[in-house]
Amino acid sequence: EAKHIGRIKNIFDTKLRKELMPIQEICSKFVHAAEYPVRYLGIDTSLNPSLDDGGSVADAIECLEEVRGDFGGTGSMAAAAAITTSLQSIPDILTTGYSGLMLPVLEDHRLAELAMVSDSSKDRLTIQKLLCISSVCGVGIDTVPVSGDVSEDSLSSVILDVAALAGRWNKPLSCRVFPVSGGNAGDKTKFDSPF
C-alpha cells in the first residue's frame, strides 16, 4: 500500500494507531483499577510475517519503489529502517519489547525462497545479509535453517557477529538457527507448524 518508503510512517501512524488505541485503552483501565495491581508497560508493535497469502514482509518490501530487485538488495535496509522507526514511534502508543521489523526465514515464504540456492546464488539471501538488515530493525537472526553438518566454529562465529551487533548498538538481538540433519546450505526444508 505504501509504494514509497516516505509513506510508511504516515500509514503506520494512522492505520496501526487506529487498531492499537482500543487495546491500549483497555490495558490502561486495568492499571488504574485498584483491584488489579499491574503495571502497563506498553505494546510490542513488532511486524511479523505470516505464512498466509499476502503475509510476506519481504514481498511487501519488494513492492516499494526504492527497493531495487529482491529483498536483501539495495533499498531493503532503508525500507527496514523506515518500518522499524515507524513501529517505534506511533503517536500516543506506549511501546515495549522489540517493536521492530521481524525477518524469520521459516515464517515468510519469500524470505525462504530467497535463501534457497538457485542459478543466481550470488543474489541469495544469506545470514550475513539478514544480520546487516537487522542492524536497523527487529530481532536478529530468526528461524534460519542451516546445514546439519555446520561446524561449531561456524555457529560460534554467527553468534559472535550477532553479539557484536547487539553490543555495538545496545539493542537486544536473538540468534535462532536450526541445524537440519542431512541438509545442505540452500536446501529446501520442511517444518510442521501449528500456526
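In segment 141-192, of all residues being acidic (Asp, Glu) and over 15 Å from Met116 (Cβ atoms), the one that is surrounded by the fewest Cβ atoms within 10 Å (Cβ to Cβ) corresponds to Asp192. Applying the set (1) small (Gly, Ala, Ser); (2) in a helix (DSSP H, G or I); (3) at pLDDT below 95 to Ala78 leaves exactly one unmet item: (3).
For segment 133-164, the set of residues classified as in a loop (DSSP other than H, G, I, E, B) and among the charged types (D, E, K, R) consists of Asp149 only. Filtering segment 92-104 to residues that are open to solvent by 10 Å² or more (accessible area, probe 1.4 Å) and not in a loop (DSSP other than H, G, I, E, B) leaves only Thr95. Among the residues making up segment 10-54, those that are open to solvent by 60 Å² or more (accessible area, probe 1.4 Å), charged (D, E, K, R) and within 25 Å of the chain's Cα centre (by Cα) are Lys15, Arg17, Lys18, Glu19, Asp44, Asp52, Asp53.
The values are calculated or read from the model by the stated rules, or taken from the named source; none is laboratory data. Keep in mind the model is a prediction, meaning the values are calculated, not measured. With ideal geometry, Cβ positions are generated from the backbone for all residues, glycine too; neighbour counts draw on all protein chains shown. In case anyone asks, the SASA skips ligands and DNA or RNA and just uses the protein heavy atoms, side chains included. Shrake-Rupley method; radii C 1.70, N 1.55, O 1.52, S 1.80 Å.
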